[in-house]
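See structure below.
The values are calculated or read from the model by the stated rules, or taken from the named source; none is laboratory data. Keep in mind the model is a prediction, meaning the values are calculated, not measured. All Cβ positions, glycine included, derive from the backbone under ideal geometry; neighbour counts span all protein chains shown. The accessibility values were calculated without ligands, DNA or RNA, using every heavy atom of the protein model including side chains. Shrake-Rupley method; radii C 1.70, N 1.55, O 1.52, S 1.80 Å.
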Amino acid sequence: MKEYRNYIFDLYGTLVDIHTNESKSSLWKNMACIYSMMGASYEPSELKKQYQLLAGEELVITLERMKKELKVEQLAETEIEILLDNVFQKLFERKGIMADEKQIHQIGVTFRSLSLSYLRLYEGVLELFERLKKADKKIYLLSNAQRMFTEPEMRILGIYDLFDGILYSSDAGVKKPSYHFYDALFQKYGLKKEESVMVGNEYRADIWGAEQYGLDTMYVFTELSGEKPDKLPENCRRLKVIGEVF
């Protein structure tokens, strides 16, 4: 079995079991109440509609920005990740209210907590990380996620400080399976492909995307994985549970 120095993990569905529901009426009712109490008066249906419209506008803005930053002519919308902080802020601005960074962060945390049904580590994650640390391996996170949501959740679960490096798609402006997102992690931390392996539960984002970048992979199927692939790449190892990584 090949040995690696760097273990790059996906988060949700790989290390963390989570369920959220952003369509439930209680979420938008409560968020409308919070915005209104902070001076930005919204009805629940209006808030939801404006949130969706602003997210769409932010996607277009981010797409053009990332083309310039990456110096590429073509970039698919499916590669782009918006920063939801901007959406939450613009919801205030639409009502003539200027919110500061702390208020925007609190709005984001509240939004996430109201949409959250459950959050927990998969069995064996902490033990796996302990074994990797004892073997002097490096642990990285490459996650399609919003920092304002994910960082507090990782702290709650007690895993935030266990990573040697973290990159969220909301910070990078791109997301898996984009080649550019993988490359951003490798450039940021000076990693070498031949020393690294990607571990994930979602075929296209984690396995196909990593293969296109030139990485070996490990695939674990969970209830959040979607359709199970019939065939995996030759350089991909199929795991029964996450604890089999090492």
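Pairing each residue of the stretch 48-64 that is touching a residue at least 24 places away in the same chain (Cβ under 8 Å) with any residue that is in a helix (DSSP H, G or I) and surrounded by fewer than 14 Cβ atoms within 10 Å (Cβ to Cβ), provided the two are 6+ apart or on different chains, yields no C-beta distance under 9 Å.
When every residue of the stretch 184-192 is checked against the conditions, at least one turns out to be without any contact (Cβ under 8 Å) to a residue 40 or more places away in the chain and within 16 Å of the chain's Cα centre (by Cα). If you go through the stretch 34-56 and keep only what is under 16 Å from D85 (Cα atoms), in contact with a helix residue (DSSP H, G or I) (Cβ under 8 Å, 6 or more places away or on another chain) and of a type outside the set (A, V, I, L, M, F, W, C), you end up with Y35, K48, Q50, Y51.
Answer yes if at least one residue in the stretch 157-179 is in a strand (DSSP E or B) and aromatic (F, W, Y), and no otherwise. Yes, because at least one residue in the stretch 157-179 is in a strand (DSSP E or B) and aromatic (F, W, Y).
Filtered by the rule that a residue be open to solvent by less than 80 Å² (accessible area, probe 1.4 Å) and assigned to a strand (DSSP E or B), the stretch 205-240 gives D216, T217, M218, Y219, V220, C236, R237, L239. The residue that is most open to solvent (accessible area, probe 1.4 Å), among those in the stretch 124-153 that are free of Cβ contacts under 8 Å to residues at least 40 places away in the same chain and within 26 Å of L114 (Cβ to Cβ), is R147.
Residue by residue, here is whether (1) in contact with a strand residue (DSSP E or B) (Cβ under 6 Å, 6 or more places away or on another chain); (2) small (G, A, S) holds:
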| residue | (1), (2) |
| --- | --- |
| A172 | no, yes |
| D183 | no, no |
| W208 | no, no |
| Y219 | yes, no |
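Within the option set E93, E64, E81, being acidic (D, E), at pLDDT 95 or above, surrounded by 18 or more Cβ atoms within 10 Å (Cβ to Cβ) and closer than 29 Å to Q52 by Cβ holds for one residue only, E81. When the residues of the stretch 179-204 are filtered to those that are under 24 Å from D230 (Cα atoms) and out of contact with any Ser or Thr (no Cβ under 8 Å at 6 or more places or on another chain), which remaining residue is most open to solvent (accessible area, probe 1.4 Å)? The residue in question is R204. Say whether the condition of being modelled with pLDDT of 95 or more, within 30 Å of K134 (Cα to Cα) and not in a helix (DSSP H, G or I) is met by at least one residue in the stretch 18-40. Yes, that holds for at least one residue.
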